[in-house]
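Asker: My questions will all concern the structure given below.
The values are calculated or read from the model by the stated rules, or taken from the named source; none is laboratory data. The structure presented is a predicted model; accordingly, all values stated were derived computationally and were not measured. Here the Cβ positions follow ideal geometry from the backbone for every residue, glycine too, while neighbour counts run over all protein chains shown. Remember, those area values only see protein heavy atoms, side chains included, never the ligands or the DNA or RNA. Shrake-Rupley method; radii C 1.70, N 1.55, O 1.52, S 1.80 Å.
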Amino acid sequence: MAQSTARQLEAIPKKQEQTAPIHKTLPKVRSTRVPFSGFEIMSAALLSLLFMGMMILVISSKVNLSSTQYELQNVNQKIVEIQNNNVNTKQEVSELSNKSRLMKVAQDAGLTMNDNSIRNVSK
């Protein structure tokens, strides 16, 4: 019974102290850029042109919209002026065709009105 079931462990040797310095200087690594392919350059250029075109389109449509609104405002102002002229003209016609005024003009011209010869016609 002298045998032991325990496993025999070898003693772990101590690490030898490093003689090299603790901080090593790393060699400088040159950064290598991946070159752009022709497709990438062409697509970037086309997207830039498309973006510029869209900006120009938006600005020109804004200018066009502003000028159209200005023209619409001028047309609406002219419509209001013409409507005011129409109202004034209708009022003037009403004043000129007033019965008392017509009678005065007729008397000044030497005309007389015979009420017996007036006939009212209705449909």
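Asker: Please go through region 52-102 and give me each residue that is more than 42 Å from the chain's Cα centre (by Cα) and charged (D, E, K, R), ordered by number.
Answerer: The answer is Lys90, Glu92, Glu95, Lys99, Arg101.
Asker: Turning to a different aspect of this structure: Does region 80-100 contain any residue that is in contact with an Asp or Glu (Cβ under 9 Å, 6 or more places away or on another chain), at pLDDT below 95 and at negative phi?
Answerer: No, region 80-100 contains no residue that is in contact with an Asp or Glu (Cβ under 9 Å, 6 or more places away or on another chain), at pLDDT below 95 and at negative phi.
Asker: Return yes when Ser60 is open to solvent by less than 80 Å² (accessible area, probe 1.4 Å), small (Gly, Ala, Ser) and modelled with pLDDT of 95 or more and no when it is not.
Answerer: yes
Asker: Looking at region 92-123, which of its residues are in a helix (DSSP H, G or I) and open to solvent by less than 100 Å² (accessible area, probe 1.4 Å)? Explain how you work it out, then say what you get.
Answerer: Step one: of region 92-123, the residues in a helix (DSSP H, G or I) are 92-96, 99-108, 115-117.
Those that are in a helix (DSSP H, G or I) and open to solvent by less than 100 Å² (accessible area, probe 1.4 Å): Val93, Ser94, Leu96, Ser100, Arg101, Leu102, Met103, Val105, Ala106, Ser117.
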